[in-house]
């Protein structure tokens with residue numbers, strides 16, 4: 001009986017479904033059983049085929065659902081990145097307006113004090129002029145006993161009249177400046193209110209998108225199949241990055257070798273500073289994902305850091321890429337000459353743009369979490385002829 005079971009098992013593996021049905025029917029016929037009718041077999045086969053098709057459809061729906069979650073995460077990241085960039089603009093604008101408002105207020109106070117003094121002087125002069133009119137200017141001048149006294153009194157009188165005229169003109173000018181300052185102050189104050197409203201709306205939007213990202217990340221962490229889809233998406237993003245770097249390496253529109261002074265990038269192996277202060281949470285090379293029980297590969301290192309941490313260039317060169325890449329967020333790639341490149345991913349508030357020349361230690365951006373499913377971090381790579389090399393061999397020891 002055991003031998004018969006083994007033979008049947010072997011047959012099942014090597015022949016088609018309908019052939020198996022035929023053999024079984026023959027076996028049962030020999031054993032005294034009546035073989036099922038071909039119409040029944042056909043119906044059963046149709047039912048099985050339908051179940052297979054339904055299962056395939058179900059799997060496709062699940063795969064699409066998982067893919068949609070990953071795509072939604074990327075879209076949310078892009079919106080978040082845009083809103084955070086807008087927030088920086090609004091904050092700078094608000095800061096500039098606040099400084100101007102403060103300067104206008106200081107200017108306005110100075111003008112007001114100046115006008116108050118001018119008013120006080122004008123009051124005294126009016127009283128003096130009133131008395132002078134009662135005595136008569138001509139009579140006062142005529143009191144002079146000598147020609148020199150006459151000329152001196154006339155000179156002083158003309159000087160007083162001239163000073164009064166200049167004071168009056170200055171008063172009118174300062175009054176106009178004060179009115180202008182008050183108008184600008186009112187305009188700037190309204191502008192400040194509008195910018196504050198925009199900033200508040202922007203911050204509310206960031207909170208909303210951050211909550212959506214948190215919800216998506218929670219789902220990725222909880223559902224193993226979705227996490228697998230996320231890992232698959234990251235692998236696809238890594239391949240896309242390889243293609244991008246290969247394409248950039250083929251371009252010859254930049255000449256960083258002519259812009260870099262001193263020893264080459266290669267000569268600085270073992271002398272570079274870290275791009276950011278933080279803890280290295282993922283090293284270069286293959287690593288084991290304990291949750292998914294799979295082996296993955298890191299083409300660089302991951303440095304955990306607080307949001308807003310300063311990211312610096314490890315060496316001078318030309319920026320050949322500064323844009324968003326799916327799975328990596330904002331990415332900056334620097335060409336250091338001789339086919340050496342460094343890559344900085346998951347950044348925010350990029351301070352440099354495509355085509356800029358940077359020096360060692362220049363601020364490139366702030367660290368963020370764009371494209372990341374594990375929080376704020378910096379992904380850093382060193383590549384030579386497009387191939388990733390271990391960054392740890394290039395940093396200063398200790």
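Between residue 182 and residue 92, with labels modelled 7 Å along Cα→Cβ, what's the label distance in nm to one decimal, could you check? Modelled inter-label distance: 3.5 nm.
For the peptides 78-90, 333-345, residues were scored by their other Cβ atoms within 10 Å and the scores averaged per peptide; the highest-first order is 333-345, 78-90. Residue separation of residue 384 and residue 290 scaled by 0.36 nm, minus their Cα-Cα distance, works out to 30.8 nm of gained length. Estimated from the Cβ-Cβ distance and a Förster radius of 56 angstrom, the FRET efficiency linking residue 201 and residue 339 is about 0.75.
On the basis of the beta-carbon distance and an R0 of 25 Å, residue 219 and residue 374 show a calculated FRET efficiency of 0.95.
Sorted from greatest to least, the principal axis extents spanned by the alpha carbons of segment 237-393 come out as 48, 29, 29 Å. In this simple spin-label model, placing a label point 7 Å from the Cα along the Cα-to-Cβ direction at both residue 105 and residue 194 gives a separation of 2.2 nm.
The length gained on full extension between residue 72 and residue 116, counted as 0.36 nm times the residue separation minus their Cα-Cα distance, comes to 9.4 nm. Per-residue extension of 0.36 nm, minus the Cα-Cα distance of residue 212 and residue 359, leaves a gain of 49.1 nm for this segment.
Bear in mind that the values in this text are calculations on the coordinates, not laboratory data. Only a predicted model underlies this, so the values are computations on that prediction, with no experimental measurement involved. Note that we place each Cβ from the backbone using ideal geometry, even for glycine, and neighbour counts take in every protein chain shown.
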